[in-house]
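See below for the structure under consideration.
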Amino acid sequence: MAVIHVEGRPYEVKEGQHLLAALLTLGFDLPYFCWHPALGSVGACRQCAVKQYQDANDEQGILVMACMTPVQDGMYVSVDDPDAVSFRRAIIEWLMLNHPHDCPVCDEGGECHLQDMTVMSGHTYRRTRFPKRTFRNQDLGPFLHQEMNRCIHCYRCVRFYRDYAGGGDLQPFGTRNQITFARCEDGPLENPFSGNLVEICPTGVFTDETFRKHSSRKWDLQTSPSVCIHCALGCNTIIGERYGALRRISNRYHPQINGYFLCDRGRFGYEFVNREDRLREVRGEALGDLLQRTPAIGIGSPRASLESNYALRSLVGAERFSIGVSDLEARLITSAREILTHTPARVPTLREVEEADAILVLGEDVTNLAPRLDLALRQAVRRQLGQQAAAQGITDWNAAFLKLIEDVKRGEGNLFILSPAATALDGIARRTHRALPGEVARLGFEIAHTVKDSAPAASELVSEIATVLSAAKRPLIVTGTGCLDVRLLRAASNLARVLSSDDRRAGLVIALPECNSLGVSYLGNTGVGVALEALARGEAETLVVLENDLHRRADSDAIEVAIEKARHLVVIDHRTTPLAERADIVLPAATFDEAAGTLLNSEGRLQRFWHAHLPDQPIRAAWRWLGDWKTITDLRAELAQAIPELGGLSEPTPETEGPVPRQSPRYSGRTSMHAHHDVHEKPPPPDPDSPLVFTMEGQPNPSRPELLSRYWAPGWNSVQALTKFQVEVGGMLRGGDPGRRIIEPTDEGNYYASPREDAAGGFVVIPLHLVFGSEELSARAPAVRERVPSSFIALNEAEARRLGVQAGETLSFSLAGRTWTLPLAIRAELPDRAAGLPVGLPGVPPITETTLQIGGRA
Ligand code: SF4
Ligand code: SF4
Ligand code: FES
């Protein structure tokens with residue numbers, strides 16, 4: 001620790017950081033623009049000036065930029081010094097010279113860092129009279145709106161987009177006073193993390209296009225803390241409702257998971273909840289009466305909460321409950337759970353992923369399956385390169401130096417990728433290798449064998465990877481279920497096992513596709529195909545389907561046979577699925593913004609999400625259709641008793657937490673927004689399922705971060721107010737990490753034997769997961785739909801030539817006994833005998849088998 005003197009008073013601060021971070025952590029209000037806790041310092045905006053003195057007797061001092069000045073023991077500084085104050089005021093006046101001053105019509109208004117810093121710096125009047133400079137804006141597609149005239153040239157956008165997220169299509173253009181931040185031409189930003197520009201840009205240059213269509217303000221949103229439901233990483237979000245519709249998703253800082261950033265699927269995939277074609281009416285008789293008369297099979301869902309899945313399981317009985325994924329995937333996620341809970345390796349948080357010093361990605365395209373993991377792996381590689389800078393005494397927040405080193409040393413980090421298809425991370429990998437999943441797994445087994453027995457390596461590739469992983473202090477193995485190949489999981493498990501010892505724990509990440517993929521594995525292991533077979537055999541007369549489109553999980557012939565046999569079909573969902581259209585009983589289910597629930601992410605962390613508003617009648621939380629629990633707390637208590645691993649997460653209730661307001665103190669229109677129906681203000685609806693209330697009364701508790709639904713502090717109206725809720729800037733939250741980890745390393749488990757070779761014959765299916773299109777719910781959001789590509793089947797050039805077909809021609813193929821046709825796309829990098837199928841796209845069959853036969857041109 002170091003002692004610094006601010007305005008003559010001593011404070012203890014952490015060494016190694018810069019003065020701006022130290023002062024903000026201490027609670028001083030010092031304006032800044034170009035610095036960001038995740039991006040480091042470049043000293044570009046000159047807004048964070050403070051006075052630094054030589055010692056206690058120095059009365060002159062010099063102006064320094066706090067973000068570029070390392071903290072030193074015994075240093076004397078002043079934030080309030082008149083020179084520093086007037087310097088900061090002059091800087092913001094210059095920055096504002098060309099600003100359009102259009103706050104009333106700007107979507108950032110009311111939560112704008114530039115507004116806050118302008119007020120904080122004391123700039124109140126614009127003195128200049130000349131015409132302002134103007135720019136042409138670009139059409140950036142369905143996610144982002146651009147208003148370039150509001151730019152203050154802090155360079156945060158390109159530093160995030162290019163340096164942090166690896167994007168290539170946003171850059172500064174022009175010179176001097178005419179610099180614009182743009183693409184070469186109109187069109188959507190290609191990087192799947194572009195939405196973070198909304199929060200990174202301190203002004204209203206980049207705003208959320210899906211939000212701005214509805215002209216709302218931060219203070220008019222009814223907000224709740226939530227968890228993203230579009231992949232298994234469980235990023236934390238804030239969801240905001242207005243007039244009964246979900247209006248936006250923004251980042252909720254979780255120091256161990258998403259930090260400051262979400263992916264675009266998570267941020268913009270929400271509008272499926274507002275669709276007109278949602279299930280909104282009840283059809284058929286009461287479910288309880290029916291189930292008392294007839295035995296039922298229940299098919300749950302990895303996109304539904306633990307509570308709803310458990311409610312269905314208790315209704316139909318564990319032996320008649322399916323976890324709602326294909327049989328192939330059921331085997332995989334069962335194995336994933338088995339491996340993760342029986343390994344000496346640690347399942348790392350995303351923050352820990354960023355600290356890995358050697359990484360092997362085995363067969364997974366993380367950018368498309370679990371996007372935020374891509375960002376974490378990028379930071380790990382940047383950190384690895386940055387360590388070389390640290391050796392020369394350069395601090396880890398000096399962003400310009402680090403960027404220089406990254407550019408020079410690109411490809412020299414310790415990231416290895418073995419995968420069947422190209423990935424977005426290939427460009428920063430030290431080595432990549434393309435092979436069929438079985439071959440990738442075999443290489444994984446060989447590397448593990450080489451490490452374990454210090455055996456001679458079978459190839460130079462194996463030798464290099466084994467050497468680097470063995471030498472690492474924090475080695476990390478990343479795999480996933482994307483390729484539907486259990487051998488990859490076993491190879492990764494072996495590797496993580498042999499790399500773990502008494503003084504070193506390797507990290508093991510198994511990426512999973514859906515928000516509760518791991519959660520449902522604690523409730524059973526039966527896939528949809530097996531459940532349908534039982535129904536077809538007449539083992540039950542009723543099928544209850546919970547929040548699941550079975551046509552994504554099983555062959556449609558198998559579904560038909562089972563449904564024909566069943567006497568009753570019950571669908572509980574919010575989506576209009578093909579089965580919902582023909583069900584005898586349809587029960588409309590609440591979406592994640594309308595009902596609370598719990599998810600288990602792929603790290604093994606239980607997390608609660610809370611609703612921002614209540615659904616319209618007769619829509620209810622799915623679990624309420626399935627039982628007579630009075631509150632979700634009652635249901636959770638029963639769940640925890642039945643499956644103790646899924647219990648133990650704190651249960652905030654209105655009684656224990658007091659009312660936590662969903663509305664801000666500035667919420668407007670409460671007494672008038674329903675005046676066209678009724679001039680009397682109705683009492684807020686009761687909410688027995690959460691400690692949050694639908695009013696502005698009550699007090700958010702900063703020491704319960706899992707219940708925080710907005711970041712707001714006096715003088716800090718933008719998202720940058722977050723610093724006031726952290727123990728230290730960029731670090732932990734007051735009150736600790738939300739959620740509860742239920743998986744920790746053990747010394748149990750197996751070292752798997754090498755698998756058999758693939759039997760030759762047919763093409764090996766390579767499931768191609770797409771960040772936009774493969775996940776069921778986000779693919780139904782209008783903005784995301786605009787980014788979903790057309791369906792295709794992909795082969796490499798040589799295979800296409802051998803079959804005598806060309807790109808764009810329609811190819812016929814058979815999978816699981818049925819014939820399909822799709823246009824051919826050439827993917828040069830695919831290995832021979834690989835056929836890529838984009839997961840979840842219209843016209844693409846559910847991948848229920850791992851090989852297919854290609855017939856030729858259709
Ligand atoms: S667009 Fe925003 S983030 Fe980029 S330089 Fe301008 S003000 Fe900064
Ligand atoms: S889709 Fe996955 S990576 Fe993206 S925000 Fe949601 S949980 Fe995070
Ligand atoms: S924040 Fe320090 S110079 Fe920009």
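The single condition among (1) open to solvent by 10 Å² or more (accessible area, probe 1.4 Å); (2) touching a His at 6+ places or on another chain (Cβ under 6 Å) that K473 does not meet is (2). Taking the stated definitions as given, is L543 hydrophobic (A, V, I, L, M, F, W, C), in a helix (DSSP H, G or I), open to solvent by less than 10 Å² (accessible area, probe 1.4 Å) and closer than 16 Å to R567 by Cβ? In short, no. Tell me, yes or no, whether the stretch 171-181 has at least one residue that is away from ligand 2 (no atom under 16 Å from the Cβ) and under 23 Å from A49 (Cα atoms). Yes: the stretch 171-181 contains one or more residues that are away from ligand 2 (no atom under 16 Å from the Cβ) and under 23 Å from A49 (Cα atoms).
Of all the residues in the stretch 193-238, those that are surrounded by 24 or more Cβ atoms within 10 Å (Cβ to Cβ), part of a loop (DSSP other than H, G, I, E, B) and more than 14 Å from ligand 1 (Cβ to nearest atom) number 10. When K132 is tested against the conditions (1) in a helix (DSSP H, G or I); (2) more than 20 Å from D208 (Cβ to Cβ); (3) more than 16 Å from ligand 3 (Cβ to nearest atom); (4) in contact (Cβ under 8 Å) with a residue 24 or more places away in the chain, the lone failure is (1).
Residues in the stretch 411-423 that are under 20 Å from A390 (Cα atoms) and either open to solvent by 10 Å² or more (accessible area, probe 1.4 Å) or within 24 Å of the chain's Cα centre (by Cα) (or both): G411, E412, N414, L415.
Could you tell me whether F87 is open to solvent by 10 Å² or more (accessible area, probe 1.4 Å), within 14 Å of ligand 3 (Cβ to nearest atom) and modelled with pLDDT of 95 or more? Considered against the rule, which asks whether it is open to solvent by 10 Å² or more (accessible area, probe 1.4 Å), within 14 Å of ligand 3 (Cβ to nearest atom) and modelled with pLDDT of 95 or more, F87 comes out as yes. Going through (1) out of contact with any Asp or Glu (no Cβ under 8 Å at 6 or more places or on another chain); (2) assigned to a loop (DSSP other than H, G, I, E, B); (3) open to solvent by 40 Å² or more (accessible area, probe 1.4 Å) one by one, I394 falls short only on (3). Within the stretch 351-370, the residues that satisfy the criterion of being surrounded by 24 or more Cβ atoms within 10 Å (Cβ to Cβ) and not β-branched (V, I, T) are A356, A358, L360, L362, G363, E364, D365, N368, L369, A370. If the condition is being more than 16 Å from ligand 3 (Cβ to nearest atom), assigned to a loop (DSSP other than H, G, I, E, B) and closer than 12 Å to N98 by Cα, then the stretch 135-173 contributes only F135. When the helices (runs of 4 or more DSSP H) confined to the stretch 250-337 are screened for residues that are closer than 20 Å to V570 by Cα and out of contact with any His (no Cβ under 6 Å at 6 or more places or on another chain), those reaching at least 2 such residues are found at 287-293, 306-316.
Taken over the stretch 209-238, the criterion of being closer than 18 Å to R372 by Cβ and touching a Lys or Arg at 6+ places or on another chain (Cβ under 8 Å) is satisfied by P225, S226, V227, I229, H230, C231, L233, G234, C235, N236, T237, I238.
Within the stretch 136-176, the set of residues being open to solvent by 10 Å² or more (accessible area, probe 1.4 Å), within 13 Å of ligand 1 (Cβ to nearest atom) and polar (S, T, N, Q) comprises N137, Q138, N149, Q171.
Are there any pairs, at least 6 apart or on different chains, whose C-beta atoms fall under 7 Å, with the first in the stretch 145-158 and in contact (Cβ under 8 Å) with a residue 40 or more places away in the chain and the second in a helix (DSSP H, G or I) and within 16 Å of ligand 2 (Cβ to nearest atom), and if so, which? Listed by first residue and then by second, the contacts come to R156/I200; C157/L197; C157/I200.
Looking at this structure, is R442 modelled with pLDDT of 95 or more, under 28 Å from the mean Cα position of the chain (by Cα) and open to solvent by 20 Å² or more (accessible area, probe 1.4 Å)? No. Checking V788, V805, V784 one by one, the residue that is open to solvent by less than 20 Å² (accessible area, probe 1.4 Å), farther than 21 Å from E329 by Cβ and under 25 Å from the mean Cα position of the chain (by Cα) is V784 and no other. For beta carbons closer than 8 Å, sequence separation of 6+ or different chains, a first residue in the stretch 195-223 that is closer than 30 Å to G166 by Cβ and within 16 Å of ligand 3 (Cβ to nearest atom) and a second that is of a type in the set (D, E, K, R) and in a helix (DSSP H, G or I), the qualifying pairs are I200/R156; C201/R156; P202/R156; T203/R150.
When S517, S521, S500 are screened for being in contact (Cβ under 8 Å) with a residue 40 or more places away in the chain, more than 30 Å from R818 (Cα to Cα) and among the hydroxyl-bearing types (S, T, Y), only S500 passes. Cβ-Cβ contacts under 6 Å between residues 6 or more apart (or on different chains), taken from a first residue in the stretch 424-437 that is open to solvent by less than 30 Å² (accessible area, probe 1.4 Å) and β-branched (V, I, T) to a second residue that is modelled with pLDDT of 95 or more and part of a helix (DSSP H, G or I), are listed as I428/V381.
Highlighted here are the strands (runs of 3 or more DSSP E) found entirely within the stretch 1-53 that include at least 2 residues which are in contact (Cβ under 8 Å) with a residue 60 or more places away in the chain: 2-6. Filter the stretch 54-81 down to the residues that are in a loop (DSSP other than H, G, I, E, B) and either exposed (fewer than 15 other Cβ atoms within 10 Å of the Cβ) or within 16 Å of ligand 2 (Cβ to nearest atom) (or both) and list them by number. Passing the criteria: Q54, D55, A56, N57, D58, E59, Q60, Q72, D73, G74, D80.
When the stretch 336-350 is limited to residues that are hydroxyl-bearing (S, T, Y) and in contact with a strand residue (DSSP E or B) (Cβ under 9 Å, 6 or more places away or on another chain), the one that is surrounded by the fewest Cβ atoms within 10 Å (Cβ to Cβ) turns out to be T349. Restricting the first member to the stretch 354-373 and to residues that are β-branched (V, I, T), and the second to residues that are open to solvent by 10 Å² or more (accessible area, probe 1.4 Å), the beta-carbon pairs closer than 7 Å and six or more apart or on different chains are I359/N414; T367/P192; T367/T423; T367/A424; T367/V771. Only one entry in V451, V408 is surrounded by fewer than 17 Cβ atoms within 10 Å (Cβ to Cβ), at negative phi and without any contact (Cβ under 8 Å) to a residue 60 or more places away in the chain, namely V408. Pairing each residue of the stretch 473-493 that is assigned to a helix (DSSP H, G or I) with any residue that is polar (S, T, N, Q) and open to solvent by 20 Å² or more (accessible area, probe 1.4 Å), provided the two are 6+ apart or on different chains, yields C-beta distances under 7 Å for V486/S335; L489/S335.
Counting the residues of the stretch 745-763 that are surrounded by fewer than 10 Cβ atoms within 10 Å (Cβ to Cβ) and under 17 Å from R442 (Cα atoms) gives 5.
Of the numbered criteria (1) without any contact (Cβ under 8 Å) to a residue 40 or more places away in the chain; (2) over 26 Å from N177 (Cβ atoms), the one T69 fails is (1).
The values are calculated or read from the model by the stated rules, or taken from the named source; none is laboratory data. If you're wondering where the values come from, they're calculated on a predicted model, not measured in any experiment. When we count neighbours, we look across all protein chains shown, and the Cβ atoms used for this are built from the backbone with ideal geometry, even at glycine. Please note that ligands, DNA and RNA were not included when accessible areas were found on the heavy atoms of the full protein model with its side chains. Shrake-Rupley method; radii C 1.70, N 1.55, O 1.52, S 1.80 Å.
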